[in-house]
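Below: the structure, in structure tokens.
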Amino acid sequence: MNPQSNQKALLGGGWHDWAVRTERIARYMVTRYVVIFRVVRDKWRLSAGLLALLSLSVLGACGDDDSDDRGNGVSIADAKRVSAIPAGAPLIDQDNLAFIPKELTVPAGGTVYLKNSEAAVHTVTIEGKNVSGVMREEDLLAWIAPGAGTYRVTCDYHPQMRATISVE
Ligand SMILES: [Cu+2]
């Protein structure tokens, strides 16, 4: 073997090695990127799954039922229609676009009667929960006071209508 061909062989070998090495690096990088892509994709899937679960639980917590939890875990029930109001019973009347009286105190578990005495339609909304539906003239309802606390009473149609029920 003369030095010339030896050098050629070395060069050729060098080129070949370089090509093989480059191919290996390329394959390695592709593999790495595939791995990274898979990891990122799986993480994203996991996060998407967790996010979906989280939003489901949040939606579930906000889901409407007969009684809503307000703050301190007190449930506010819907008012029920009644045909009459017992004489002297605690009453919130709707008249002249106002709640009458503006302040009422009842014991926990006691009944508060609701009445609309005028042609304008109203709601009785307690701590943001509409417990009455739409109240028309002469509608009568009864609402059971929950646990002790102060409850804001509003009307969905008339922002000026405000009252407070104190439950002791
Ligand atoms: Cu109103």
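Would you pick out the residues in the stretch 121-130 that are touching a residue at least 40 places away in the same chain (Cβ under 8 Å) and not in a loop (DSSP other than H, G, I, E, B)? The answer is Ile126, Lys129. Does Glu118 count as acidic (Asp, Glu), within 16 Å of the ligand (Cβ to nearest atom) and either outside any loop (DSSP other than H, G, I, E, B) or in contact (Cβ under 8 Å) with a residue 24 or more places away in the chain (or both)? Against the criterion (acidic (Asp, Glu), within 16 Å of the ligand (Cβ to nearest atom) and either outside any loop (DSSP other than H, G, I, E, B) or in contact (Cβ under 8 Å) with a residue 24 or more places away in the chain (or both)), Glu118 qualifies. If you go through the stretch 132-157 and pick out every residue that is within 11 Å of the ligand (Cβ to nearest atom) and more than 22 Å from Ile85 (Cβ to Cβ), you end up with 2. Restricting Ile92, Ile126 to those that are under 19 Å from Glu168 (Cα atoms), within 16 Å of the ligand (Cβ to nearest atom) and touching a Leu at 6+ places or on another chain (Cβ under 6 Å) reduces the list to Ile92.
Coordinate-derived values only; no laboratory data. Here the structure is a predicted model, which means the values were calculated and not measured. Backbone-built Cβ (ideal geometry, glycine too); neighbour counts: all protein chains shown.
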